[in-house]
Each structure stands twice: as C-alpha cells, then as structure tokens.
Amino acid sequence: MTYHKDSMKWHIAIVDDEIEAINSLSSLILTYGKENHLDFEISSFQHPDDFLKEDLSSFDLLFLDIEFNGEKKNGMDLAKEIRAQNSSLLIIFVTNMAQFALNGYEVDALDFIVKPLNYYSFAMKMQKAVRVLYTRAKKDAVLIPLSHDASLRSDRIYYVEVVNHDLYYHSLDGEFHTRDTMKHVEELVKGLPFSRCNVCYLVNLDMVVGIEKNEVILKNGDHLSMPRSRKKEFLDDLNRYIGGEYIS
C-alpha cells in the first residue's frame, strides 16, 4: 500500500541499547520507505534518558526496546515518562519478550514487534503506523469564533466547558468565555478528535494523557469527571483516535 504525504517527512526515533538492533531496524525502515515512496528521518538513542532530553513533539513514531542492559529503567518505564509529556507519539515496542509488550495498553502503545526482526512482520506493523500518521496528517484544525474579531484554533483547545448558557474554552492560549451552545461547537469540530466525557465537557482527544477510574486527565493537569453513562462512548472515541480514525 502506498501513501502520498505531499512531501511531508516523518521523524522516527529508535531507542535500543544494541547498536546492531538499531542498524537492523533503520535498514528495515529505509527499505519500507523506498518501497512505498515515503520520506523518513531516523534518530537513534542507546540510552533512554538521552531520548527524554529531546523535544518529544518533534517525533512522530518511536520504536522502543523494552530491556536495557545496565539501565535502572526499562522500556515500559520510559514509555510512562513519555506519556506524561506527550500523548500522541506513536509507540511500537521492539522486544524478544512478547509477554512484556502485551502490557503496552497501559501506555497506549500502537503495537509490538518480536525480535529477531524480519521484513514481512515489520512491514505489517509499519503499514499500520503509517496509516495512523497519514490519517492524523490529513486532519485540519478549524477556527472557533469567540467574538466578531477573535477566534481560537480547535487544536489549541484542551476542552470546552458549558456552565448554564455560557461556554468556557480552556486552551493553550488561556481561558476564553463566550455565549454559545455546545451543540454549535460540536458542529464546528465535526470530524475532528473531540468527544464528550461529560454533558458539561467537550474534550480534545489529542490533549488526553490518561484515564483514572472515572476521570479524564489532560495535558494541562485538569481532571474531568466522566460518569459511567458516558465512559464507554468516550473510551471508544479515544481508542478510535489513537488508532487513527476520524471521530464522526
């Protein structure tokens, strides 16, 4: 399957303590890119803390080993630290111990590959990752009108809160108050990754960093209540977004 990204380049990180594994995986990535006319930039790290020093938002996909010789933390520990900073980075575990990779759901891992690597199984996993990246890249933000001369990009919003007949936008640019209806906002962001976790909250799924019991945790540290009546639908929407699908 071939994807065309209008000359976009995806940045891939490899974190593995074995240089041979890094070289092998890099070769597979470049081969896949050549066969599918895709442009990848690859950065490799042999120590997990070195990767954490990077700007995580600059990476699109991470291939992460689970076991590091001589390191205090393993790949799962690193993934949890990554998720505290970044909820959208795609993670694929690379390991010779599949039983550990099966816990990847705890950190929203996309998939795992078992060593020793072979091109066929790698290509299947890579195709899945590229499909997610391609879908995300095609999503556009919309401008939400706040007043006659002010607007807010939807991808800057953490969540929208309704109080009586007023809306409060909690965003990267601050908090904004306007008179509008939640129904109208939902129409404006239709097809974008927004979902209600509560009748009072419309959440940008890209800003979600975790779920704890009946609360949604966002990148800004806010905890939003999620009643049982909303939980299944919200989690379904979140899983579809993580899997690269549009929310309709």
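The values are calculated or read from the model by the stated rules, or taken from the named source; none is laboratory data. All figures in this text were calculated on a predicted structure; none of them were measured in a lab. No Cβ is skipped: glycine too gets one built from the backbone with ideal geometry, and neighbour counts run over all protein chains shown. Calculation scope for accessible area: heavy atoms of the full protein, side chains included, ligands and nucleic acids excluded. Shrake-Rupley method; radii C 1.70, N 1.55, O 1.52, S 1.80 Å.
Couple of notes before you dig in:
- Measuring max minus min along each principal axis, the C-alpha atoms of the stretch 74-230 give extents of 59, 32, 27 Å (largest first).
- Summarising the amide proton neighbourhood of residue 159: residues at separation of 5 or more, or on other chains, whose placed amide H is nearer than 5 Å comprise 170, 204.
- Phi-derived couplings, Karplus 6.51 cos²θ - 1.76 cosθ + 1.60 at θ = phi - 60°, listed residue by residue for the stretch 14-31: 10, 10, 7, 7, 9, 5, 5, 5, 4, 5, 5, 5, 4, 4, 5, 4, 5, 5 Hz, with x used for Gly and Pro.
- Straight-distance crosslink candidates among lysines, where the alpha carbon sits under 21 Å from residue 231 and sequence neighbours closer than 8 are dropped: 183, 190, 213, 219
- Packing-based order for 52-59, 155-162, 88-95, using average beta carbon neighbours within 10 Å, highest first: 88-95, 155-162, 52-59
- Fluctuation leader among 63, 176, 234 - the chain, Gaussian network, Cα springs under 10 angstrom: 176
- Working note: Karplus 6.51/-1.76/1.60 with θ = phi - 60° gives the stretch 191-202 the couplings x, 9, x, 10, 8, 8, 9, 7, 4, 8, 10, 10 Hz, where Gly and Pro are set to x.
- Label sites at residue 86 and residue 39, each approximated as a point 7 angstrom past Cα along Cα to Cβ, lie 2.0 nm apart.
- The amide H of residue 62, built 1.01 Å from its N in the peptide plane, has 13, 90, 91, 92 as neighbours under 5 Å, considering only residues 5 or more places off or on other chains.
- As a fraction of the 1.4 Å probe accessible area of the stretch 145-186, surface on carbon and sulfur atoms comes out at 47 percent.
- In the context of the full set of protein chains, residues of the chain present 52 Å² of accessible surface per residue (probe radius 1.4 Å, heavy atoms only).
- Karplus-derived 3J(HN,Hα), 6.51/-1.76/1.60, for each residue of the stretch 111-127, Hz, glycine and proline x: 5, 8, 10, 9, 6, x, 6, 10, 5, 4, 5, 4, 4, 5, 5, 5, 4
- For the chain, averaging the sequence separation of C-alpha pairs within contact (under 8 Å, six or more residues apart) and dividing by the residue count gives a relative contact order of 13 percent.
- Considering only 76, 97, 126, the Gaussian network model of the chain with Cα springs below 10 Å gives its largest mean-square fluctuation to 97.
- Reference-scaled alpha-carbon Rg (2.2 N^0.38 Å with N residues) for the stretch 105-197: 1.54
- Each peptide in 14-24, 212-222 receives the mean, over its residues, of other Cβ atoms within 10 Å, and ordering these scores from highest gives 14-24, 212-222.
- Based on alpha carbons, the Rg and Dmax found for the stretch 156-248 are 12.3, 35 Å.
- Dividing the summed helix terms, -39500 (n - 2.57) for each DSSP H run of n ≥ 4, by the number of residues in the chain produces a 222 nm estimate of -10000 deg cm²/dmol to the nearest 500.
- Gain on full stretching of the segment that runs from residue 215 to residue 183 - 0.36 nm per residue minus C-alpha separation: 9.3 nm
- Listed by chain and number, the lysines whose C-alpha is less than 19 Å from the C-alpha of residue 9, apart from same-chain residues fewer than 8 away, are 34, 125, 128, 138, 139.
- Extension gain for residue 175-residue 54 works out to 40.7 nm (0.36 nm per residue, less the C-alpha to C-alpha distance).
- The value of relative contact order for the stretch 143-202, using C-alpha pairs under 8 Å at least six residues apart, is 28 percent.
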